[in-house]
Structure formats: structure tokens, C-alpha cells
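Trainee: Quick one: the structure is below, and I'll ask about it shortly.
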Amino acid sequence: MNEKQLLEQAQINPVQSTDNISEQENVERIKKMSSDEMITKYFQTSYQPPDLKKARKRRREEVQFHYDFTIPEDMQEIGRGKKFLIRTYGCQMNEHDTEVMAGILTEMGYESTTETNEADLILLNTCAIRENAENKVFGEIGHLKPLKVEKPDLILGVCGCMSQEESVVDRIMKKHQHIDLVFGTHNIHRLPHLVKDAMFGKAQVVEVWSKEGDIIENLPKVRNGKIKAWVNIMYGCDKFCTYCIVPMTRGKERSRRPEDIIQEVRGLAAQGYQEITLLGQNVNAYGKDFEDLDYQFGDLMDDIHKIDIPRVRFTTSHPRDFDDHLIEVLSKGGNLLDHIHLPVQSGSNEVLKRMNRKYTREDYLELVRKIREAIPNATLTTDIIVGFPNETEEQFEETMTLVEEVGFEAAYTFIYSPREGTPAAKKKDDVPEEVKKQRLYRLNALVNKQSAASMKSYEGKTVKVLVEGESKKDPNVLAGYTEKSKLVNFVGPKSAIGKIVDVKITETKTWSLNGVMVENMVEVK
Ligand code: SAM
Ligand code: SF4
């Protein structure tokens with residue numbers, strides 16, 4: 001896809017590039033335009049806000065694969081002597097996008113920093129999943145203003161899921177003119193051009209595309225560490241749960257080709273990585289969009305099972321697409337770990353229906369039964385939303401009984417947060433906030449109890465721990481995770497970092513385990 005085609009699919013066209021307009025012309029143009037006029041101009045001519053009906057009709061055949069990403073010569077040195085900082089909010093997908101942006105900026109000559117005051121370019125990689133995630137970002141945008149006033153050449157950018165929302169772009173353009181750059185989740189590969197425009201242009205650079213059909217394979221990455229790595233296997237989501245903004249911010253489901261994923265995993269194995277996590281909003285839908293290939297998530301896991309990398313995880317699974325073939329492959333074990341994160345969201349059939357989850361409580365329990373039958377030691381964790389519009393006390397109780405029945409060992413629990421553009425946000429909601437908080441409190445107490453009980457069962461046992469580094473609280477203590485994602489703190493030699501070692505558990509807590517390393521390794525100085 002060329003530049004012109006890319007622009008044709010733009011939701012918001014970028015401010016005219018500095019290649020085509022002189023700086024003076026640009027300044028004059030902006031001076032003549034109020035910010036209201038600018039917004040009207042962008043939004044009337046080319047911007048389409050999230051449109052659920054349209055999103056549901058999006059077509060599959062438009063997916064194209066690109067292997068030709070390059071940084072134009074004039075941008076390869078543009079960051080020389082300068083530093084960047086990317087602040088990441090939200091899920092693993094965002095963390096991995098940050099690794100890609102860091103890779104691109106590094107190839108442009110930038111160095112990374114963690115010091116806000118040292119940075120010449122700051123990007124906020126945002127999350128739109130709940131309102132408080134958005135509030136945090138707007139707080140940070142406000143905090144950065146004095147720095148921009150002090151350092152006018154500092155480039156401030158907002159990217160990630162929030163940038164895909166009309167109301168957010170609107171608010172930034174109207175109220176936060178100190179932000180130089182806004183770009184969406186489909187525009188990451190355009191970063192070199194956007195940074196250049198922001199550097200030399202005088203207007204806010206805004207580039208947000210609704211076109212989400214393409215996969216760009218050869219983007220550079222600077223991975224965070226040498227022990228664990230994220231691997232995207234697919235992008236987007238077509239499930240349209242009624243509370244969720246993701247299908248609008250991340251676009252339609254589109255899978256990477258298996259050969260590209262396998263090559264990436266082999267590369268990571270060769271570099272000595274000990275663990276990979278396959279990423280997608282709904283990994284079980286992997287491959288369903290291939291028109292020329294009958295190859296799904298179970299097939300991919302079977303192929304990755306043969307690669308010599310010690311640990312393979314995946315997230316997130318949607319119960320609806322979790323098929324028997326996948327269960328059969330997972331039951332082979334080996335590097336396929338027996339911790340399955342399987343978001344249920346609610347235990348009430350009525351609520352599940354209104355959430356458009358497309359499974360019932362009974363379907364979910366049957367899936368759990370099949371998983372346990374094939375993988376008897378499987379650990380299950382989940383995501384739950386409380387206070388979905390008009391959730392009754394009885395419906396909430398059904399969630400509580402489901403949590404007990406399945407015996408989840410951990411859960412991410414959330415109070416429902418209305419998201420503009422989603423069907424649930426249009427519903428009148430008669431559940432008071434205080435009741436929602438109480439329900440969350442009760443649910444968390446139950447989850448904590450179950451987590452503590454599962455931890456207790458490890459007392460005196462020896463577990464395999466992938467050692468990630470020193471504990472944040474005490475540098476003399478090492479920390480890592482078991483195959484079932486339990487955090488373990490233990491005393492051991494620094495040479496164990498990056499390795500999988502045996503640790504005997506001496507003390508259990510609600511969310512972590514303490515222990516001692518079984519074999520004493522010789523520390524290499
Ligand atoms: N694709 C995954 C799935 O279907 O489970 C999860 C993706 S989402 C980033 C992570 C979790 O955020 C969801 O499982 C859900 O529990 C929660 N979530 C999504 N939208 C929400 C909303 N509007 N309010 C509260 N929680 C929400
Ligand atoms: Fe959101 Fe997950 Fe549902 Fe997709 S499957 S709409 S990402 S909650």
C-alpha cells in the first residue's frame with residue numbers, strides 16, 4: 001500500500017506535511033483559523049466517529065501484508081543526540097506497541113530515557129478501556145504543560161487506543177494545544193513522518209485512520225528485557241461485546257501469517273528468551289480470517305510446541321472460540337503452560353446475553369470441565385465486570401457462585417465503565433455506584449480467599465521459577481514466576497536471573513510465595 005492509498009483511508013487527514021507547505025504559509029494558515037474551525041474542518045471533511053454498524057460490516061479481504069517498512073534516509077538521523085520517553089498505559093498489546101515505537105525511534109537515532117526532564121520526545125501510549133484510564137492520561141497531559149512551556153522544542157505526543165476516539169481527539173485539539181502529535185493504533189509505522197511533521201510544522205499533527213486492514217511485518221522492536229517476550233499473533237477484535245471499545249480502537253480481527261509468527265518465535269528462542277506470550281484480543285479466533293488456509297490457533301500452538309523455547313503463554317482467550325483441538329494440543333504440555341486465562345465477565349446468563357458474550361454460564365462450565373478433564377492440573381484465572389447496567393443482586397450472586405464453582409485462582413475485577421460509542425453506554429442504569437463498589441469489594445474478598453487457598457497448597461513444595469530479577473522491595477531477594485504465574489520471592493545468587501530454577505516454598509501469602517533455591521548455583525562474578 002502506498003502513501004496515497006494510506007491517506008485515502010484516513011479518518012483524520014494529517015496536517016499538510018511540511019514537505020508541501022512552507023513554514024511561513026503554515027503559520028499564517030493556523031493563525032487565521034480558530035481551533036474550533038480546525039476541528040470542524042477535520043471532522044466534517046474526513047473524520048468518522050466510531051460507528052458500530054459500519055464496524056460490524058467491515059470486510060476481511062482487505063488485509064494486506066507488508067514486509068517493506070523502511071525509515072526514509074532523511075529521518076534516519078533526525079533523533080541523533082536526542083532522547084525519547086514512552087509512557088505506557090493499559091494492556092500487554094500496548095506494552096508491545098511501545099516496544100515497536102521504541103524500535104522505530106532508536107532507528108531514527110534517538111536514545112531512550114526514563115527521566116521526563118531529559119526527554120526531547122514524550123509519547124503517551126494510552127488505554128481507552130475504562131474512564132479512569134483516560135482520566136489518568138488527561139492528568140498527565142496537564143502535568144506536561146509547564147515542561148513544554150519551559151522547553152518549546154520538546155515534542156509531546158498522544159497515541160494508542162484513546163487517540164482512536166473522536167471525543168478524545170476533539171478535547172486535545174480544543175483544550176491541549178501543547179500536544180504536538182496525536183496518532184492512532186493503525187499509524188505506528190508512520191511515526192518517522194509524524195515526528196518530522198511535528199518537529200518542523202507549526203500546527204498540531206493529527207493522524208488517525210479507521211483503515212485497519214494491513215499488517216506490517218518488519219517493524220523494528222526494542223524488547224523490554226532478554227528473558228520474556230511478547231509476540232503478536234493477531235490484531236483487532238470482531239466480538240463486539242456491548243461494553244467494550246476495543247473493536248473500535250483496534251479494528252477488525254486480522255491474523256499474522258503462521259510462517260511469520262514461527263520465524264519470530266524461532267528467532268527469540270535462538271536469542272535465549274525463556275518465555276513468550278502470544279498476544280491477541282481474542283487469540284482463539286486466530287486464523288479464522290484466512291481465506292487460503294485452514295490453520296487455526298490449535299495448529300499454531302502445535303507448531304510452537306515443537307520450538308525449543310521453555311515457556312509459551314497466550315492471552316486473551318474468549319470462551320466462545322476455545323475449541324476441542326486447542327484443548328487437545330494444550331494437553332500435550334511441554335512448553336505449553338497449564339495456566340489458562342479465560343475471561344468470563346459474569347456468571348448470569350441474562351447479563352452475558354446483554355453483554356453479547358455469546359455463551360451461557362452452562363457453556364462456560366462445560367468448557368472448564370473439558371479443560372480440566374484433558375489438563376487435570378490446569379489453573380484458571382479470569383476477568384469479571386461488576387455493575388453492568390441494571391445488574392441485579394441475584395445476577396451478581398450468580399457471578400459469585402460461578403467464581404466458587406470454577407475455583408479461579410486469580411481474577412482481574414472491574415466496575416463497569418460506560419464507553420462512548422458502545423451499545424451498553426446508551427442503556428439507562430439503575431444500579432447506584434455505592435452498590436457497584438460493594439459488589440466489587442465482596443467479589444475481591446472471595447477471589448483473595450481463593451487465591452490464598454491455592455497459594456497455601458504450595459507450602460513445602462518445590463516449584464520451577466523463571467527468575468526475572470531482583471525483588472523491587474529488597475535487592476538481595478530474587479523474584480520470578482512459576483509456570484502457573486505465581487510470583488515467588490527467594491534468596492539466591494544473581495547468576496540465577498534469566499534461568500529457570502527450583503525453589504522450595506517456605507511461606508505462602510495471598511498473592512505471592514516465599515522460598516529458598518534448592519540447588520545452590522555458583523555465582524559468576
Ligand atoms: N479480549 C479480552 C476478552 O474478551 O476477555 C479482554 C480485553 S479487555 C482489554 C480486558 C478486560 O477489560 C475485559 O476482559 C473486561 O473485563 C474489561 N473491560 C472491557 N471493557 C470494559 C468496560 N467498559 N468497563 C469495565 N471493564 C471493561
Ligand atoms: Fe472487548 Fe474482548 Fe469482547 Fe473483544 S472479546 S469486544 S476485546 S471484551
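Trainee: Could you sort 222-228, 480-486, 192-198 so that the peptide with the highest average Cβ count within 10 Å comes first and the rest follow in order?
Mentor: 192-198, 480-486, 222-228
Trainee: If I take every Cα pair under 8 Å that is 6 or more residues apart in the stretch 94-172, average their sequence separation and divide by the length, what percent do I get for the relative contact order?
Mentor: Once divided by the residue count of the stretch 94-172, the mean separation gives 34 percent.
Trainee: Next up: Taking the Cα centre of the chain as origin, work out the dipole magnitude from +1 charges on Lys and Arg Cβ and -1 charges on Asp and Glu Cβ, in debye rounded to 20.
Mentor: 960
Trainee: Next up: Give the cross-link partners of K461 among the aspartates and glutamates, using a straight C-alpha distance below 13 Å as the criterion and excluding same-chain residues fewer than 8 apart.
Mentor: D502, E507
Trainee: Could the peptides 172-179, 287-294, 104-111 be put in order, highest first, of the mean number of other beta-carbon atoms found within 10 Å of their residues?
Mentor: Listed from highest to lowest mean packing, they are 104-111, 172-179, 287-294.
Trainee: Just from its helices, what would the mean residue ellipticity at 222 nm be for the chain, if runs of 4 or more DSSP H residues each count -39500 (n - 2.57) and the sum is divided by every residue, rounded to the nearest 500 deg cm²/dmol?
Mentor: -10500 deg cm²/dmol
Trainee: Using +1 at the Cβ of each Lys and Arg and -1 at the Cβ of each Asp and Glu in the stretch 55-208, identify which of I78, L105, L191 lies farthest towards the dipole's positive end.
Mentor: L191
Trainee: Let me ask you something else. Which Cα, out of N448, C159, I307, lies furthest along the positive dipole direction of the chain (beta carbon charges, K/R +1, D/E -1)?
Mentor: The listed residue farthest towards the positive side: N448.
Trainee: Can you compute 3J(HN,Hα) from phi for each residue in the stretch 413-419, using the Karplus curve 6.51 cos²θ - 1.76 cosθ + 1.60 with θ = phi - 60°, rounded to whole Hz and x for Gly and Pro?
Mentor: 3J(HN,Hα) across the stretch 413-419, in whole Hz: 10, 9, 7, 4, 10, x, 10.
Trainee: When the Cα centres of the stretch 402-465 and the stretch 139-216 are compared, how far apart do they sit, in Å?
Mentor: About 34 Å separates the Cα centre of the stretch 402-465 from the one of the stretch 139-216.
Trainee: Using a simple charge model, +1 on the beta-carbon of Lys and Arg, -1 on the beta-carbon of Asp and Glu, nothing else, what dipole does the stretch 128-173 show about its Cα centre, in debye to the nearest 20?
Mentor: 180
Trainee: With N denoting the number of residues in the chain, provide Rg(C-alpha) divided by 2.2 N^0.38 Å, to two decimal places.
Mentor: With N residues counted in the chain, Rg over 2.2 N^0.38 Å equals 1.01.
Trainee: Helix 433-456 sits at what angle to the longest principal axis of the chain, using alpha carbons and giving 0 to 90 degrees rounded to 10?
Mentor: Taking Cα atoms only, the helix is inclined about 50 degrees.
Trainee: Then there's this: For the stretch 220-375, restrict the atom set to alpha-carbon positions and state the Rg and Dmax in Å.
Mentor: Both quantities, over Cα of the stretch 220-375: 15.9, 49 Å.
Trainee: Pull out a ≥ b ≥ c, the square roots of the eigenvalues of the alpha-carbon gyration tensor of the stretch 114-203, then state rounded if a/c is under 1.5, prolate if not and a/b is larger than b/c, and oblate in the remaining case.
Mentor: Oblate is the answer for the stretch 114-203, as a/c is 1.5 or above yet b/c matches or exceeds a/b.
Trainee: Which ordering of W511, W230, W209 is given by a fewest-first count of other beta-carbon atoms within 10 Å?
Mentor: Final ranking by Cβ density, sparse to dense: W511, W230, W209.
Trainee: Moving on to the next point. Counting alpha carbon pairs within less than 8 Å and at least 6 residues apart, what relative contact order, in whole percent, applies to the chain?
Mentor: Relative contact order comes out at 11 percent.
Trainee: Just report the Cα centroid separation between the stretch 219-244 and the stretch 291-318, whole Å.
Mentor: Measuring centre to centre over Cα atoms gives 14 Å.
Trainee: Which translational diffusion coefficient, to the nearest whole µm²/s, is obtained for the stretch 379-478 from the Stokes-Einstein equation, given a Kirkwood hydrodynamic radius over C-alpha pairs, 37 °C and 0.692 mPa s?
Mentor: D = 204 µm²/s.
Trainee: Still on this structure: Under a point spin-label approximation (7 Å from Cα along Cα-to-Cβ), what is the R442-R372 distance to one decimal in nm?
Mentor: Taking the simple label geometry, R442 and R372 are separated by 2.4 nm.
Trainee: OK, next. Any chance you could run the full-extension gain for E77 through K226? It's 0.36 nm times the residue separation minus the Cα-Cα distance, nm to one decimal.
Mentor: Full-extension gain reported as 51.0 nm.
Trainee: Report the gain in length on full extension from D363 to K494: 0.36 nm times residue separation, minus Cα-Cα distance, nm rounded to one decimal.
Mentor: 42.5 nm
Trainee: Full-extension gain between Y295 and E150, please, as 0.36 nm times their residue separation minus the C-alpha to C-alpha distance.
Mentor: The Y295-E150 span can extend by a further 46.7 nm.
Trainee: Using a Förster distance of 22 Å, how high is the FRET efficiency between E118 and E140, based on the Cβ-Cβ distance and rounded to 0.05?
Mentor: 0.85
Trainee: Could you pull out every one of the aspartates and glutamates with an alpha carbon less than 16 Å from that of K175, ignoring same-chain neighbours closer than 8 positions?
Mentor: D36, E37, E134, E140, E165, E166
Trainee: Every cysteine in the chain with no other Cys Cβ under 4.7 Å from its Cβ, please list them in numeric order.
Mentor: C91, C127, C159, C161, C237
Trainee: Let me ask something additional. Once you charge only the Cβ atoms, +1 for Lys and Arg and -1 for Asp and Glu, what is the size of the charge dipole of the stretch 378-513 about its Cα centre, to the nearest 20 debye?
Mentor: Roughly 640 debye for the stretch 378-513.
Trainee: In the chain, if the dipole is taken from +1 on Lys/Arg beta carbons and -1 on Asp/Glu beta carbons about the Cα centre, which of F396, N282, S495 is farthest to the positive end?
Mentor: It is F396.
Trainee: As a quick test, which of the pairs K226/K332; K332/K484; K145/K196; K83/K196; K228/K456; K358/K436 have an alpha carbon distance above 19 angstrom in this structure?
Mentor: K226/K332; K145/K196; K228/K456; K358/K436
Every number here is computed from the coordinates shown, using simple stated rules; none is lab data. Everything numeric here is computed off the predicted structure, so don't read it as measured data. A quick note on method: Cβ atoms are made from the backbone with ideal geometry, for glycine too, and the neighbour counts reach across all protein chains shown.
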